[in-house]
1. Going by C-beta contacts inside 10 Å, put A:Ser156, A:Ser256, A:Ser340 in order with the fewest on the left.
2. With θ taken as phi - 60° and the coefficients 6.51, -1.76 and 1.60, list the Karplus ³J(HN,Hα) couplings across the range A:90-104 in order, rounded to whole Hz; mark glycine and proline as x.
3. In nanometres, what is the gap between the two model label sites at A:Arg390 and B:Glu93, each 7 Å from Cα along Cα-to-Cβ?
4. How many angstrom lie between the C-alpha centres of the range B:12-31 and the range A:61-88?
5. Karplus couplings for the range B:86-96 from phi (6.51 cos²θ - 1.76 cosθ + 1.60, θ = phi - 60°), rounded to Hz, Gly and Pro as x?
6. Checking the a/c ratio against 1.5 first, then a/b against b/c, what shape does the Cα gyration tensor give for the range A:2-186?
7. How would the protein assembly as shown be classified by its alpha-carbon gyration tensor: rounded, prolate or oblate, with rounded meaning a/c under 1.5 and the a/b versus b/c comparison settling the rest?
8. For a protection proxy built on the mean count of beta-carbon atoms within 10 angstrom, sort A:299-311, A:31-43, B:87-99 highest first, please.
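Just so it is clear, none of the values below were taken in a lab; they were calculated from the coordinates. Treat the numbers as computed from the prediction; the structure is a model and nothing was measured. Cβ coordinates were reconstructed from backbone atoms using ideal geometry, including for glycine residues, and neighbour counts include every protein chain displayed.
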Amino acid sequence: MSIIESGNVAAALGVKLCRANVIAAYPITPQTPLTEKLSELVESGEMNAEYIPVESEHSALGVCIAASSTGARAFTATSANGLLYMHEQLHWAAGARLPIVMCVANRGVGAPWTVWNDQQDSLSQRDTGWIQLYAADHQEIINTVIKAYYVAEQTSIPVMVCYDGYILSHTHMPFEVPDQEKVDAFLPPFRPNYALDPSMPANLNTVTLPEPRNNIRGELAHGYMELRYLLHEGMIRAIEVVGEAEQRFNEIFSVSGTAYMDMYKCDDATYIAVAMGSLSLHLRVVADILRDEGIKLGIIGIKLYRPFPCGIVADALKDRDGIIVMEKAISYGYVGPLYSDICSCLYTQGLDGPSPGFPYVHNYILGLGGRTIRTIDLMDAIRPICTGKRIKDQPGWIGLKI
Amino acid sequence: MGSRECGQITSHSEPGPGDGGRTGSWRVLRPVIDLEACIPSRRKVAACFICWLYCPDGVITRTIPPSIDYEYCKGCGICAEECPTKAITMVEESKFALEEK
Ligand code: SF4
Ligand code: SF4
């Protein structure tokens with residue numbers, strides 16, 4: 001069924017199709033309509049789930065952690081400062097290996113207050129051990145939520161589904177709502193590795209010692225460092241699982257999505273602009289216009305940010321004349337976070353060891369706190385790079401009026 | 001053989017002896033019960049057992065006389081503090097080092 005609705009409603013319908021059992025969320029702009037929609041679906045009986053109102057985002061994720069520990073399929077959503085208020089629980093959910101799914105309607109972080117879009121919120125949570133997927137339009141939002149549960153439950157790692165606040169969360173677009181039957185075929189009921197059971201009491205996530213120690217059966221149980229290694233190993237394996245989920249999804253729903261990144265006009269491209277979220281679609285317009293001027297520009301929209309599909313990204317970028325990374329986030333005092341990751345993957349993974357031959361990588365920061373991203377500004381920023389110029393002080397800023 | 005064999009991916013513990021590791025290795029003071037002063041031992045009836053109740057590691061038996069599992073007794077001294085007849089003395093582990101060798 002095809003409908004015209006907002007990105008937040010697309011996310012809510014995805015959660016409903018996944019038959020989430022427990023939803024706990026605290027409203028924050030621009031995520032609010034998503035949780036409102038879910039509360040309506042639960043209240044009307046269309047969705048058979050427990051909706052637990054909480055007093056904060058920290059509690060929202062705390063409830064999801066508890067619910068997931070009992071074997072329930074749990075969901076929450078947030079934005080910006082709400083996500084940051086969850087920070088400690090983000091580490092906890094990942095360390096406890098709970099397959100929670102959370103939507104983040106991306107928004108700038110205060111101070112100073114802003115409610116408008118950028119991606120500083122979720123990108124600053126990069127190292128919490130969550131899988132991060134970025135959707136570029138409404139269809140991707142609903143599809144990604146469904147795939148997210150599959151990936152989370154296969155890997156025992158929580159997944160963040162990120163989409164641009166307002167630009168996607170509040171705009172209405174047509175999208176296809178997948179059939180419940182097919183979603184059920186794609187996503188089997190959640191069978192947890194371990195679920196709390198009163199007849200077999202256990203203490204979860206107990207204190208670990210620096211060294212492994214024996215459990216009550218005399219088996220050597222992990223120390224802290226082994227558990228950190230297993231989370232990292234699980235994340236690396238998740239790259240494969242994300243690919244497998246995509247293939248499964250494509251087969252069951254007869255679509256042709258890509259798992260790690262969307263490539264637009266990249267086959268003959270000498271320059272590639274890389275972005276995440278809706279900006280990658282906006283950049284396609286720029287590629288079309290610049291191609292009329294004879295500039296062979298291609299666009300890559302990264303969909304899986306953590307774990308970073310390093311080899312795949314490097315393969316797509318290594319033989320170009322130049323790369324332009326466009327970001328709505330910055331690591332203050334250095335460069336954009338995606339730029340660092342791309343430089344590092346080109347330097348270490350895409351080639352046979354470090355090589356001086358990789359393309360020059362440029363970095364632009366733009367659109368912070370909802371600053372308008374004008375197509376003409378994108379063209380003016382990208383055109384000189386494609387004719388051999390370099391940004392003087394990396395990162396360059398687009399749309400800055402200082 | 002490493003810890004992968006345990007098959008877990010989190011820190012997960014079940015109630016049972018030794019789940020916190022050999023906590024007896026932490027001990028610097030050893031609780032020793034003077035059976036002449038201990039109520040159940042002296043009267044040969046099940047009584048008192050305050051040490052059993054208070055021991056945070058559950059390593060004191062509720063028997064006549066009570067006994068302490070030094071494999072896991074961490075030497076906190078709570079039993080000695082709570083014993084109403086002062087029957088438990090905390091003795092330096094070094095005093096036992098020679099005799100146990
Ligand atoms: S508390 Fe003291 S008197 Fe009571 S059983 Fe324990 S050792 Fe004996
Ligand atoms: S209370 Fe402390 S010192 Fe006494 S037996 Fe228990 S662990 Fe050992």
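1. Numbers: A:Ser156 21, A:Ser256 7, A:Ser340 15.
The order, fewest Cβ neighbours first, is A:Ser256, A:Ser340, A:Ser156.
2. Taking θ as phi minus 60°, the curve returns 4, 4, 5, 4, 6, x, 7, 6, 9, x, 7, 10, 9, 8, 10 Hz for the range A:90-104.
3. Rounded to a tenth, the inter-label distance reads 6.1 nm.
4. 34
5. Working through the residues one at a time gives 6, 7, 9, 10, 8, 10, 3, 4, 4, 5, 9 Hz.
6. On the way: a/c = 1.39, a/b = 1.07, b/c = 1.30.
It comes out rounded by the Cα gyration axes.
7. Numbers: a/c = 2.75, a/b = 2.07, b/c = 1.33.
Prolate, because a/c is 1.5 or more and a/b exceeds b/c.
8. Working: A:299-311: 22.3, A:31-43: 20.2, B:87-99: 13.2.
Ranked by mean Cβ neighbours within 10 Å, highest first: A:299-311, A:31-43, B:87-99.
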